[in-house]
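S.K.: Please read through the structure below; I'll follow up with questions.
No lab work stands behind these numbers, since they all come straight from the coordinates. All values derive from a computational prediction rather than experimental measurement. Quick reminder, even Gly has a Cβ in these numbers, built from the backbone with ideal geometry, and neighbours come from all protein chains shown.
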Amino acid sequence: MDDDEQVSRIAKGDAVAFECLFDRHGDKVLGALMRYTAGNRAVSEDLSQLVWMSVIRAAPTYEARNQFVAWLSTIVRN
């Protein structure tokens, strides 16, 4: 299942879809946040939780265009 399908399922409350998406992209999100916070792991982990909560909240409005990584990157930067 691709990322767009996972987000669609997350919008419907599918916790397994969220776990799959997190498993696929969680390390990348944390890595980006570690760069933004000069390696502060505790702050990066807190920010990562906020990013993933934002993904869950925004999932119903996500427009599938096979650009999930760009959408996720925007959430991380903001």
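S.K.: In the stretch 37-53, which residue that is small (Gly, Ala, Ser) and surrounded by fewer than 15 Cβ atoms within 10 Å (Cβ to Cβ) is nearest to residue 11 (Cα to Cα)?
M.R.: Out of the qualifying residues, it is 42.
S.K.: Here is a list of conditions, (1) without any contact (Cβ under 8 Å) to a residue 24 or more places away in the chain; (2) on the phi > 0 side of the Ramachandran plot, and residue 66 meets all of them except one; can you say which number that is?
M.R.: (1)
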